[in-house]
Every structure is written in C-alpha cells, then in structure tokens.
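Okay, so here's the structure we're looking at.
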Amino acid sequence: MELAQIAAVVTGGASGLGAATAEYFRRQGAKVTIVDRAAAGAEFSDSIGAHFAEADVTDEASAAAAITGAKEKMGRIDALINCAGIVTGEKTLGRDGPHALGTFKRTIDINLVGSFNMMRLAAAVMAENEGPERGVIVNTASIAAYDGQKGQAAYAASKAGIAGMTLPVARDLAGIGIRVCAIAPGIFATPMLRGLPQDVQDGLAADVTFPRRLGKPEEFAQLAAFIVNCGYLNGEVIRLDGALRMR
C-alpha cells in the first residue's frame, strides 16, 4: 500500500504516539480520521487536515459509529493504527492492600479489549475493499509485554495480550487480505514523559543500549508507515526500543 493513496483511522490520535502517527500519515498524503475521547482532538485534527470522531474504543456503539463515520468521510478504510491506551502503576500487594481490581479491569478493557473492538469493526469495513490486499492493522503493544516492571501487572498484561493476539488475528484475516502487526515501543518522549524532571528523563535514557536517548514519536510513526507499505510484513510484533531490556 502506498501511504499517499490510503485512508487510515488512528485511535488515540489526539496526543502522544497517535498524534505523531496521524500527522506523519497526513504529511505523506494519506486521508486520516482520528478517533479519541479527548475533545481537543477536534482542534488537532483540523490543524493537520484530518477528520475527527469522538468515541470510546471500549464501547461497541460508540466505536461502531466512529468507524462508520470514518468510512463515510473518507470513502473507505485501508489502515487502522491503534494507539489508544492508558498507563497505570500499582503493585499486586501494596501498603494499602491488594491491587484494586477495578484498575486492573479498566486497563485491560481500554488497552486490550478496546484495541480488539476497533480491529474487528475496521476489518469488517476493510473486507469491502477490492484487490488482493484490502487492509492493514497496526496495534500498539509495549516492551512491558516482555520486561514488565514492578507495579506494571495490569499494563504488562494488557500489552502482552496485544502481542499474543497478533498472529492469530493475522491468520483469521488472511483469507480476506488483511495484514496485522504490532509495534512494541520502549521509552518514548511523549508529553507524559516530557513532563517529568529532566534528570528523570536522562536516567531513563541512560538505560537504552543505543542510541542512548528517548524514542521520538515520529520514529514510531515511521515504523507504522513502513508496516503499511511493506506488503510481506504480517503477524509480527516489532520492538522499537534502542535494544533496551528493562532491568
């Protein structure tokens, strides 16, 4: 697929990795619809020439309306880039007692169930496209899926789920010409991390093998674009982390 000729949906596209991806795809000529809960997403979408759909990826009706709206606005959907997600930190047993079950469920629901919800809905629309390759889906996992830290039980489980479903979903959708991959980013310079003190950022960067810095959001976007463009890349989870292996 040529980026300049596709119509893409980017969830979580109002900020962070999603915003960088939406902006990069637009610069390459792709049509883009941003799906996000943040009302500010509408303003950002306008600024880059993208469409906007306010939706909750965990809600069936809301997500379905966003996908339907994206198809109506763009005429088709060729790619889905799932970046919507949350980061939580809580130990299984902490000073205040056991891990809150609600926090665990919410993390799984948004990161994993929300991603699958958008995948299934987007795939149904992509199946209507013509040609041997009808679509491509790129999910966002994390190196936490492999190297989860203390306090990351919920987050690591949600991202491991994304990594684990990549191959079976790719196999499920192969018959209709839809590829599925995932990116497992390391430590990236998103607004959340940029809000930390500089010495904390430097400490995180020091653990990266090479280059010894935080990842740039546009580097995530470039890899997402490569996956879309590379027709033989399927069923793979790609680490994007400067060879970082968390302690």
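The table below gives the values:
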quantity	calculated
Total residues in region 1-13, condition crowded, with 24+ Cβ neighbours inside 10 Å and either modelled with pLDDT under 95 or not in a loop (DSSP other than H, G, I, E, B) (or both)	4
Residue check, residue 246 out of contact with any His (no Cβ under 7 Å at 6 or more places or on another chain), in a loop (DSSP other than H, G, I, E, B), surrounded by fewer than 19 Cβ atoms within 10 Å (Cβ to Cβ) and modelled with pLDDT under 95	yes
Test result for residue 39, within 13 Å of residue 12 (Cα to Cα) and loosely packed, with under 13 Cβ neighbours inside 10 Å	yes
In region 56-96, the residues that are farther than 17 Å from residue 30 by Cα and aliphatic (A, V, I, L, M)	57, 61, 63, 64, 65, 66, 84, 86, 87, 93
Residue 229 being touching a residue at least 40 places away in the same chain (Cβ under 8 Å) and surrounded by 22 or more Cβ atoms within 10 Å (Cβ to Cβ)	no
Where a residue in region 135-154 is over 13 Å from residue 90 (Cβ atoms) and its partner, wherever it lies, is among the charged types (D, E, K, R) and assigned to a helix (DSSP H, G or I), with Cβ under 7 Å and at least six apart	141/159; 142/159; 144/159; 145/159
Selection count where residues are among the β-branched types (Val, Ile, Thr), outside any helix (DSSP H, G or I) and closer than 14 Å to residue 127 by Cβ, scope region 173-184	2
Of the criteria (1) farther than 19 Å from residue 228 by Cα; (2) modelled with pLDDT under 95, which one residue 131 fails	(1)
Residues of region 49-72 that turn out to be of a type in the set (A, V, I, L, M), closer than 22 Å to residue 224 by Cβ and assigned to a helix (DSSP H, G or I), as a count	4
Selection status of residue 84, surrounded by 15 or more Cβ atoms within 10 Å (Cβ to Cβ) and within 27 Å of residue 187 (Cβ to Cβ)	yes
From 225, 170, residue being within 15 Å of the chain's Cα centre (by Cα), of a type in the set (A, V, I, L, M) and under 26 Å from residue 122 (Cα atoms)	225
Selection status of residue 46, in a helix (DSSP H, G or I) and charged (D, E, K, R)	yes
Whichever residue in region 87-107 is surrounded by 18 or more Cβ atoms within 10 Å (Cβ to Cβ) and of a type in the set (Val, Ile, Thr) and, among such residues, is nearest to residue 173 (Cα to Cα)	107
Region 189-222, residues that are at pLDDT 90 or above, under 21 Å from the mean Cα position of the chain (by Cα) and part of a helix (DSSP H, G or I)	217, 218, 219, 220, 221, 222
Within region 108-124, considering residues that are in contact with a Gly (Cβ under 8 Å, 6 or more places away or on another chain) and of a type in the set (Val, Ile, Thr), the one surrounded by the most Cβ atoms within 10 Å (Cβ to Cβ)	110
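For (1) under 19 Å from the mean Cα position of the chain (by Cα); (2) of a type in the set (S, T, N, Q), each residue gets a yes or a no:
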site: 77; (1), (2): yes, no
site: 115; (1), (2): yes, yes
site: 118; (1), (2): yes, no
site: 144; (1), (2): yes, no
site: 149; (1), (2): no, yes
site: 154; (1), (2): yes, no
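The values are calculated or read from the model by the stated rules, or taken from the named source; none is laboratory data. Remember, predicted model here, so these are calculated numbers, not experimental data. With ideal geometry, Cβ positions are generated from the backbone for all residues, glycine too; neighbour counts draw on all protein chains shown.
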